[in-house]
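What follows is a short report on a single structure.
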């Protein structure tokens, strides 16, 4: 089935080198960028989805020396951050994106085999987003599944910082009584 995929990635460079990354769907490379120096990457692809699909965003060609540290703080890095995925003009739910894994590869130092709940890809490796077809139905089902997770977040901008802290303290009091 013909679908549309839109992707937005924020890129980070250390002024000497930009990230190298590629976007792949079901084993077919959709795009590859080498030493990408712009701040953002936006692209839209017409894709053919299958019943089960795997979108891979691969970050490569980085060395630990590409992370510039000054006084113990990172001042520049070569990395990418997945900001959003859209299928057929419908954004994937942020919780759904965080539920998928990033698998570090070809890294000089020992790191976890897979990292969850992180869309900042600072190591070489691949992020895998698995989905089913029809994609629109799948994305909407993920929204429904995760809607309880974002109810509170959607409400936060209605309150001042003082009101938010007061509500948070009240919530903590109520919850601690439930556990005692």
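One table, with the values for the structure above:
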{"quantity": "Boolean, residue 94 is free of Cβ contacts under 8 Å to residues at least 60 places away in the same chain, surrounded by 14 or more Cβ atoms within 10 Å (Cβ to Cβ) and more than 25 Å from residue 145 (Cβ to Cβ)", "calculated": "no"}
{"quantity": "Residue within the range 46-56 that is exposed (fewer than 15 other Cβ atoms within 10 Å of the Cβ) and under 18 Å from residue 11 (Cβ atoms) present", "calculated": "no"}
{"quantity": "Any chance residue 85 is under 25 Å from residue 144 (Cβ atoms), at pLDDT 95 or above and touching a helix residue (DSSP H, G or I) at 6+ places or on another chain (Cβ under 8 Å)", "calculated": "yes"}
{"quantity": "Enumeration of residues in the range 141-180 that are part of a helix (DSSP H, G or I), surrounded by 13 or more Cβ atoms within 10 Å (Cβ to Cβ) and either modelled with pLDDT under 80 or touching a strand residue (DSSP E or B) at 6+ places or on another chain (Cβ under 7 Å) (or both)", "calculated": "149, 150, 164, 167"}
{"quantity": "Yes/no for residue 19 being surrounded by 15 or more Cβ atoms within 10 Å (Cβ to Cβ) and farther than 18 Å from residue 135 by Cβ", "calculated": "yes"}
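The values are calculated or read from the model by the stated rules, or taken from the named source; none is laboratory data. Note that this is a predicted model, so its numbers are computed, not measured. Every residue, glycine as well, gets a Cβ built from its backbone with ideal geometry; the counts of neighbours run over all protein chains shown.
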